[in-house]
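Taking it in order: structure first as structure tokens, then the write-up.
None of the figures in this text is laboratory data; all of them are computed from the coordinates on show. Predicted model, so just to flag it, every value in this text is computed and none were measured. FYI the Cβ positions are ideal-geometry reconstructions off the backbone, even for glycines, and counts take in every protein chain you see.
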Amino acid sequence: MKKKILSAFLCIALPAVLLSGCAPGGTTEPDSDKTPDSSDKPDESEENQSSAQQDETKTDETASSGEKKKIALSMPEKSSGRWVKDAANMKKALEALDYSVEIQFAENDAKLQEAQIADFIAAESDCIVIAAADAESLVSVSESAKEAGIPVIAYDRLLMDTDAVHYFVSFDNKGVGTAIGKAIAQKAGLEELAEGEYKTIEFFMGSKKDKNARLLYNGLMEVMQPYLDDGRLVCRTERTSFDDTCISDWSSKKAQERCENYLEGYYMDEELDICAAASDGLAYGCIQALQTAGYTDQNWPVISGQDCEALACKYIQEGTQSFSIYKDTRVLAERCTSMVQAAVSGTEAEINDTEQYDNRKLIVPAYLCMPSVVDKDNLEELIIDGGYYTADEIAAASAD
Ligand code: BGC
């Protein structure tokens with residue numbers, strides 16, 4: 001198979017970062033998170049330089065032979081509506097450019113995902129897009145892809161501890177956290193509290209292995225910490241650190257169990273006013289726990305989320321979930337598609353972040369799209385009129 005050196009791109013030597021809106025959602029430059037990630041091991045790559053510049057990668061020869069290029073999509077799971085929608089959007093965008101697309105879902109099983117990716121390599125895919133179930137366990141299979149000359153793009157979850165990743169495409173994860181924090185402050189009326197008044201809050205954060213989860217936490221705490229410090233927010237469990245609040249696999253069920261324990265152990269004499277949940281799935285767990293504990297419209301807490309899944313939209317309309325963070329996966333798919341095109345043709349994709357996504361081997365060149373908050377007031381305009389879901393899809397969404 002004819003191979004060509006992928007045209008060099010240096011993640012640190014990239015010239016002025018190219019910035020343009022992330023059509024069609026209209027994105028802007030995200031804030032950089034320069035806060036060191038405490039979970040990160042020291043960077044092992046001397047210069048933090050992408051090894052992709054030396055990689056041999058597949059090129060355009062299949063196009064000239066008339067055969068379609070094969071793009072493989074490896075998604076973490078199907079049980080959350082978000083990844084199904086991501087895959088569907090990407091398939092559509094890629095097929096429109098005449099790629100053939102294979103999709104596998106790993107049901108949150110790292111070993112299964114590894115095997116699925118190995119199959120993609122064996123099938124001589126031209127590019128593999130990976131949203132990891134476990135971001136730390138795909139090192140060896142990513143190396144195999146690199147050895148086979150197949151470019152790898154990390155989709156919304158950074159692949160850790162490997163230099164075999166060409167690009168990362170995601171949303172501004174720290175920005176998601178600050179957006180959640182600001183919306184909580186506003187919906188819980190934290191600025192309007194009288195002297196001595198406070199609201200109770202508990203935190204339900206994402207998987208420790210997912211860098212997004214920690215960035216989100218950092219952004220959230222930038223907004224929440226001052227309120228905790230001056231007593232306008234009170235966390236009865238005192239579990240406010242990332243390590244104390246992260247929930248493995250972003251599991252809805254584990255969030256439910258944790259929330260039940262908190263309610264039984266700390267909120268028998270006083271109500272819980274705010275559940276700071278880092279995703280819609282985690283919010284669903286809290287909602288279940290609160291319903292079981294007998295919370296009603298009269299004392300229902302502020303509950304955050306992330307992803308604007310159809311079920312979350314339904315809950316927002318009903319008032320059960322206060323808001324979610326809208327990450328238009330059509331925008332992400334479009335951006336990822338440009339990266340695929342660049343990777344398979346040996347050109348450079350547009351990126352807008354060269355600082356935040358250190359995977360302990362290199363700082364992965366990234367494009368971060370901008371999220372927005374969706375609540376009862378703008379759901380119809382952004383989600384339904386914006387063509388993300390129809391009103392019927394939202395109405396039909398159910399927890400089962
Ligand atoms: C994504 C979130 C998603 C979470 C759980 C994270 O990596 O950034 O959008 O809610 O995974 O699936």
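Right, Val234: touching a Phe, Trp or Tyr at 6+ places or on another chain (Cβ under 7 Å) and surrounded by fewer than 20 Cβ atoms within 10 Å (Cβ to Cβ) or not?
Details: touching a Phe, Trp or Tyr at 6+ places or on another chain (Cβ under 7 Å): yes; surrounded by fewer than 20 Cβ atoms within 10 Å (Cβ to Cβ): yes.
It is true that Val234 is touching a Phe, Trp or Tyr at 6+ places or on another chain (Cβ under 7 Å) and surrounded by fewer than 20 Cβ atoms within 10 Å (Cβ to Cβ).
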Check your understanding: Does region 166-211 hold any residues that are surrounded by 24 or more Cβ atoms within 10 Å (Cβ to Cβ), within 25 Å of Ile128 (Cβ to Cβ) and within 15 Å of the ligand (Cβ to nearest atom), and which are they?
Key -> Phe168, Val169, Ser170, Phe171, Asp172, Asn173, Gly206, Asp210, Lys211
Exercise for review: Collect the residues in region 205-219 that are among the polar types (S, T, N, Q) and assigned to a helix (DSSP H, G or I), keeping them in residue-number order.
Suggested key: Asn212, Asn218
Exercise for review: Of all residues in region 135-159, count the ones that are β-branched (Val, Ile, Thr) and not in a strand (DSSP E or B).
Suggested key: 3
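Hey, can you tell me all the residues within region 291-310 that are of a type outside the set (Gly, Ala, Ser) and either surrounded by 23 or more Cβ atoms within 10 Å (Cβ to Cβ) or in a loop (DSSP other than H, G, I, E, B) (or both)? First the steps, then the outcome.
Kept after step one, since they are of a type outside the set (Gly, Ala, Ser), are these residues of region 291-310: 291-292, 295-303, 306-309.
The answer is Tyr295, Thr296, Asp297, Gln298, Asn299, Trp300, Pro301, Ile303, Gln306, Asp307, Cys308, Glu309.
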**Study point:** Inter-residue pairs, beta-carbon under 8 Å, first within 15 Å of Tyr217 (Cα to Cα) and in a loop (DSSP other than H, G, I, E, B) and in region 160-188, second within 15 Å of the ligand (Cβ to nearest atom) and not charged (D, E, K, R), 6+ apart
**Key:** Asp172/Pro30; Asp172/Leu368; Asp172/Cys369; Asp172/Met370; Asp172/Pro371
Check your understanding: Is one or more of the residues making up region 249-268 touching a strand residue (DSSP E or B) at 6+ places or on another chain (Cβ under 6 Å), surrounded by 13 or more Cβ atoms within 10 Å (Cβ to Cβ) and part of a loop (DSSP other than H, G, I, E, B)?
Key -> no
Study note, to complete from the structure: Conditions (1) under 28 Å from Ile363 (Cα atoms); (2) in contact with a Pro (Cβ under 9 Å, 6 or more places away or on another chain); (3) of a type in the set (S, T, N, Q) -> Thr200 fails only (1)
Exercise for review: Out of the residues in region 229-243 that are outside any loop (DSSP other than H, G, I, E, B) and within 15 Å of Cys275 (Cβ to Cβ), state the one that is nearest to the ligand (Cβ to nearest atom).
Suggested key: Leu233
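Is it the case, given these coordinates, that Glu264 is away from the ligand (no atom under 16 Å from the Cβ) and over 27 Å from Ala391 (Cα atoms)?
Numbers: away from the ligand (no atom under 16 Å from the Cβ): yes; over 27 Å from Ala391 (Cα atoms): yes.
So Glu264 fits the description; yes.
Can you pull out every residue in region 354-400 that is assigned to a loop (DSSP other than H, G, I, E, B), among the charged types (D, E, K, R) and surrounded by fewer than 21 Cβ atoms within 10 Å (Cβ to Cβ)?
Filtering region 354-400 down to residues assigned to a loop (DSSP other than H, G, I, E, B) leaves 354-357, 359-362, 364-365, 370-371, 376-378, 385-390, 397-400.
Then keep just the ones that are among the charged types (D, E, K, R); that gives 355, 360-361, 376-377, 385, 400.
The answer is Glu355, Arg360, Lys376, Asp377, Asp385, Asp400.
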Point to revise | In region 328-340, residue surrounded by the fewest Cβ atoms within 10 Å (Cβ to Cβ) [restricted to those that are part of a helix (DSSP H, G or I) and within 15 Å of the ligand (Cβ to nearest atom)] | key: Arg330
Point to revise | region 76-100, residues that are surrounded by fewer than 20 Cβ atoms within 10 Å (Cβ to Cβ) and among the hydrophobic types (A, V, I, L, M, F, W, C) | key: Val84, Ala88, Ala96, Leu97
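Kindly provide the set of residues from region 300-309 that are touching a residue at least 40 places away in the same chain (Cβ under 8 Å) and more than 14 Å from the ligand (Cβ to nearest atom), ordered by number. Can you show your working first?
Within region 300-309, the subset touching a residue at least 40 places away in the same chain (Cβ under 8 Å) is 302, 304, 306-309.
Answer for region 300-309, where residues must be touching a residue at least 40 places away in the same chain (Cβ under 8 Å) and more than 14 Å from the ligand (Cβ to nearest atom): just Val302.
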Exercise for review: Check off (1) touching a Pro at 6+ places or on another chain (Cβ under 6 Å); (2) away from the ligand (no atom under 14 Å from the Cβ) for Ile325 and give me the number that stays unchecked.
Suggested key: (2)
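Restricting region 124-137 to residues that are more than 14 Å from the ligand (Cβ to nearest atom) and either of a type in the set (A, V, I, L, M) or more than 24 Å from the chain's Cα centre (by Cα) (or both), which is nearest to Asn212 (Cα to Cα)? Write out each step before concluding.
Narrowing region 124-137 to residues more than 14 Å from the ligand (Cβ to nearest atom): 124-129, 137.
This time we only want the ones that are either of a type in the set (A, V, I, L, M) or more than 24 Å from the chain's Cα centre (by Cα) (or both), so: 124-126, 128-129.
On the way: Glu124: 30, Ser125: 27, Asp126: 27, Ile128: 20, Val129: 17 Å.
Of everything passing the filter in region 124-137, Val129 is nearest to Asn212 (Cα to Cα).
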